[in-house]
Every structure is written in C-alpha cells, then in structure tokens.
1. Specify the residue that is most open to solvent (accessible area, probe 1.4 Å); the eligible residues are those in segment 114-147 that are closer than 19 Å to ASP47 by Cα, charged (D, E, K, R) and part of a helix (DSSP H, G or I).
2. Within segment 266-276, is there a residue that is among the acidic types (Asp, Glu), without any contact (Cβ under 8 Å) to a residue 40 or more places away in the chain and more than 17 Å from SER386 (Cβ to Cβ)?
3. In segment 215-235, how many residues are open to solvent by less than 40 Å² (accessible area, probe 1.4 Å) and at pLDDT below 90?
4. Given segment 236-323, what helices (runs of 4 or more DSSP H) lie entirely inside it while holding 3 or more residues that are surrounded by fewer than 19 Cβ atoms within 10 Å (Cβ to Cβ) and modelled with pLDDT of 95 or more?
5. Specify which of the listed residues (PRO207, PRO182, PRO200) is more than 26 Å from LEU336 (Cβ to Cβ), touching a Ser or Thr at 6+ places or on another chain (Cβ under 8 Å) and open to solvent by 50 Å² or more (accessible area, probe 1.4 Å).
6. Would you confirm, using the coordinates I've provided, whether LEU424 is within 30 Å of LYS228 (Cα to Cα) and out of contact with any helix residue (DSSP H, G or I) (no Cβ under 9 Å at 6 or more places or on another chain)?
7. Which of the following residues is more than 25 Å from the chain's Cα centre (by Cα) and touching a residue at least 60 places away in the same chain (Cβ under 8 Å): THR130, THR202?
8. Report those helices (runs of 4 or more DSSP H) wholly inside segment 338-411 carrying at least 2 residues which are surrounded by fewer than 17 Cβ atoms within 10 Å (Cβ to Cβ).
Amino acid sequence: MHSSHVVLSHAIWRHPQTELGFLQPEFYQTIAQTLERGKFDLVFFADALALPDQYGNSPKVGLQYGAQGMVRLDPMLIATVMATVTKHIGIGITRSTTYYQPYDLARMFATLDHLSNGRAAWNVVTSGRTAEAKNFGVEQHLDHDRRYDRADEFIQVTAKLWDSWQPDALILDQENGIFADPSKVNYVNHEGEWFNVRGPLTVPHSPQGKPVIIQAGSSDRGKDFAAKWAEVIFEIKHTPAQMKAFYDDIKSRLSQFGRHPDDCKILPTFTPFVGETEAIAKAKQSFHNDLIHPLVGLFTLSSHADYDFSQHDLHQPLVDIPFKGLRGLLEVAQELTRSENLTLADIGQLYGQGVLAPQIAGTPQQIADWMENLFRAKACDGFVISPAHLPGTFTEFVDWVVPELQHRGLFRSEYTTTTLREHLQLPTVRQPVEV
C-alpha cells in the first residue's frame with residue numbers, strides 16, 4: 001500500500017471501481033478490515049520523503065497524470081487508525097535511516113507495537129533521491145554503500161534502545177507504590193561513526209520486543225544488509241526464474257550472519273485480476289492497463305532511478321545510465337528492454353501499469369495454481385498482493401482466491417497467534433552475527 005491515490009498501479013485513482021477516499025481514515029480502515037477478514041499476515045506502506053520532480057526537473061507531469069508520490073500522508077498515522085479497528089493483522093510502515101534519528105524511530109515503533117498489541121513492522125529504506133536530500137537541507141544524498149553503512153549502525157542503535165527496558169521492568173504495584181524496577185531500565189551509551197545515543201528509551205518493552213524488519217535491497221550490498229537484518233523481504237521480479245534466483249541468493253547469504261533460512265520470509269509481488277472465467281479476468285486486466293499514459297510511468301521511473309528520462313527519445317530503447325536510485329527496478333527495466341525489444345515509451349507504459357510487478361489474470365483456481373507452483377518450487381515464502389483498484393482488488397482476492405488457497409491447505413483458515421512475529425513464525429529477537 002501507499003498512503004495515497006495509487007500504489008504500484010498508476011491506474012488506481014482513474015479506475016471507476018476505486019473509491020477516492022485516500023485522504024480519509026475510513027478508506028484505510030476498510031482495507032485493513034478486508035485484509036484481516038482474509039487472514040492476511042500484514043499490510044505495509046511504502047513511502048518517500050519528497051514530491052518527485054526528476055522528469056523534466058518539474059512535478060508537472062506527475063501532478064497532471066497522478067503519478068506515484070504526488071500525495072503521501074504520513075503512514076505512521078495511517079497505521080495507527082488501522083490498528084484501532086483490527087485485532088490480528090500486522091501493520092508495517094516505511095521509515096528512512098538516512099533522514100531520521102534512531103531515537104525517533106525506536107520510540108515510534110515501540111509505541112505502535114504497544115498500540116497494536118504486537119503487530120508493528122518497519123520497512124527499512126536508505127533514501128537515495130536528490131529531491132529527498134534537499135528537503136532535509138542536504139544538497140546531495142549519501143553514496144549507495146555509505147547509506148547502508150549508516151543504516152547498519154542505525155538498526156544496531158534502535159535494537160539497543162528497544163532492549164533498554166527489560167521485559168519485566170514495569171511493575172505497576174499500586175498498593176506499594178512501585179512503578180518500575182530501576183535496575184531493569186538501562187542507558188545504552190552508544191558511540192559510533194554515525195550516532196552517539198545515550199538512551200534509555202521512554203517506552204517500556206513492547207509486546208514483540210522490536211518490530212518485524214522488512215527490507216527490499218537488491219544490490220549486493222543491499223542483499224547482505226537484508227540477509228543480516230531483514231525478517232521479511234519485499235521484492236519485484238518479473239519472471240519465476242528471476243524470483244527463484246533471488247530467493248536462492250538471499251537464503252544462501254543468511255548463514256553468513258548466523259541465521260537459519262526460515263528466519264527471513266521472501267515475498268515476491270504481483271497484481272491479480274480475478275474473474276469467473278479467464279476471459280473475464282483478462283478483460284479486467286486490459287481495461288486497467290489501457291488507463292495508463294506512458295509519461296506517468298516514465299515520470300515515476302525517473303524518480304526511482306533519480307535520473308531525468310525526459311531528455312531521451314520515447315521511440316528509442318532505454319539507455320544505460322549510472323545507478324543512483326532504486327537499482328533493482330532499473331535493472332528489471334533494462335532486462336525487459338533487451339529481452340522484448342522495448343522502447344522507452346513501452347517501458348513507461350509497463351512501469352505505470354505496476355512498476356514492473358507481474359500481473360496474473362485468471363480464475364481463482366488459475367491464480368492459486370500460479371502461487372502454489374512458485375511456493376512449491378521454493379521461489380518464495382509467500383506473496384505481496386498489489387492492487388489494481390481499491391478496495392476492490394483486495395475484496396476480490398479475499399472472496400475468491402483465499403478460499404481456494406485454504407481449500408488446498410496452503411493458507412490459514414483462522415488466526416491462531418497474536419503477534420505479527422508469531423503469524424510469520426519468526427524467531428525471538430536476537431542480534432545477527434558480525435562478519
């Protein structure tokens with residue numbers, strides 16, 4: 001999800017079945033309740049910290065066509081209003097390690113974990129766009145690997161802060177007037193390259209101890225970072241072969257950090273179009289894709305790549321450019337250009353349809369077949385479902401596909417656990433091994 005008018009699909013806000021309530025709490029609460037009815041593990045929100053303007057050095061095209069990122073509410077507040085109307089589904093949000101401070105985020109997520117009774121997740125990102133840097137008084141963002149160096153220490157500090165209250169430190173003995181055990185609340189006194197933080201946190205130990213960590217790194221440095229810290233990895237790959245290769249790569253890296261392969265769940269993304277027949281599903285897909293203007297996709301690709309594609313001919317192939325932004329998505333675009341002989345306009349069209357996430361159109365049985373085949377081939381541990389319209393995509397998936405998965409014994413029929421960490425069958429909190 002995005003706290004916005006679109007997600008990966010840029011057609012969402014134009015789709016006649018979409019409810020344009022993205023500025024209202026009820027919009028997000030309805031989605032959370034629908035997904036909880038479908039026994040989903042979690043809903044999480046991507047985010048960024050600037051209005052995109054790389055394409056033509058102006059936000060004009062994005063504002064005109066409703067590109068991704070033209071509206072972004074603060075997802076922490078969205079998560080809170082969702083938590084108040086649900087009991088089971090996990091709720092994750094994105095926060096950047098580049099422009100926040102560890103103490104801020106440690107307190108935010110510990111609070112969300114309390115208010116949700118142990119359902120918080122943090123999608124860790126390292127902001128790499130010039131527009132974001134300028135919103136925080138910096139002319140140029142950090143280099144790619146240095147952003148990960150900062151992120152690595154950032155998570156170490158937040159982990160120390162979450163541990164600064166021992167689980168049994170809060171006593172609340174009203175009769176004897178003992179609030180907490182002072183010996184179980186400790187300073188962290190962290191001194192490092194990037195941060196000096198004394199602590200302790202002002203929030204007692206939360207139900208999960210720390211939020212579930214989500215990540216989406218795709219460079220070698222990003223994959224090592226994910227293998228060290230991530231408990232859920234969100235990824236966009238275009239083909240089953242790419243998904244399998246990514247899955248095997250990440251799982252093989254986990255042991256370097258003293259982790260078991262099951263300690264991290266890898267979830268490829270797709271957009272489902274569900275119909276009573278395959279023909280109906282494909283008609284839904286075609287209708288959705290026809291709503292895209294190629295420039296809206298190129299506008300977002302420019303933002304993700306931190307590069308201005310307006311300087312190139314739309315009828316020529318995507319050119320090789322220096323990697324500055326989201327490396328994984330740009331690599332997928334380049335691979336598609338070569339394998340399918342696409343023009344820049346073609347890539348813009350595809351990017352607007354769903355940021356290159358695969359689309360699967362078919363009956364509930366056909367979509368379940370596709371998911372089951374990938375799962376049994378050990379190309380994934382689960383999936384991220386990205387909508388084509390809201391809230392309808394989720395409603396259709398919950399009503400049609402989830403029962404088919406349950407019938408096959410592939411998905412829960414009821415929640416049997418309380419916290420998100422338990423839903424995902426993740427281990428208790430531990431520090432990764434340093435290498």
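1. Across segment 114-147, the extreme among qualifying residues is LYS134.
2. Here is the first cut: in segment 266-276, the ones among the acidic types (Asp, Glu) are 276.
Narrowing further to those that are without any contact (Cβ under 8 Å) to a residue 40 or more places away in the chain: none.
The answer is no, given that none of the residues of segment 266-276 is among the acidic types (Asp, Glu), without any contact (Cβ under 8 Å) to a residue 40 or more places away in the chain and more than 17 Å from SER386 (Cβ to Cβ).
3. Applying the first criterion (open to solvent by less than 40 Å² (accessible area, probe 1.4 Å)) to segment 215-235 yields 215, 217-219, 222-223, 225-233, 235.
Subsequent filtering for residues that are at pLDDT below 90 retains 217-219, 222.
Matching residues across segment 215-235 total 4.
4. Values: elements: 240-254, 278-289, 294-305.
The helices (runs of 4 or more DSSP H) meeting that bar are 240-254, 278-289.
5. Values: PRO182 fails: touching a Ser or Thr at 6+ places or on another chain (Cβ under 8 Å); PRO200 fails: open to solvent by 50 Å² or more (accessible area, probe 1.4 Å).
That would be PRO207, the only listed residue that is more than 26 Å from LEU336 (Cβ to Cβ), touching a Ser or Thr at 6+ places or on another chain (Cβ under 8 Å) and open to solvent by 50 Å² or more (accessible area, probe 1.4 Å).
6. On the way: within 30 Å of LYS228 (Cα to Cα): yes; out of contact with any helix residue (DSSP H, G or I) (no Cβ under 9 Å at 6 or more places or on another chain): yes.
So LEU424 fits the description; yes.
7. Values: THR130 fails: more than 25 Å from the chain's Cα centre (by Cα).
On inspection, the qualifying residue turns out to be THR202.
8. 364-376, 402-407
The values are calculated or read from the model by the stated rules, or taken from the named source; none is laboratory data. This structure is a prediction, so every number in the text was calculated from the model and none was measured. Using ideal geometry, Cβ is built from the backbone for each residue, glycine included, and neighbour counts are taken over all protein chains shown. For accessibility, only protein heavy atoms count, side chains too; no ligands or nucleic acids. Shrake-Rupley method; radii C 1.70, N 1.55, O 1.52, S 1.80 Å.
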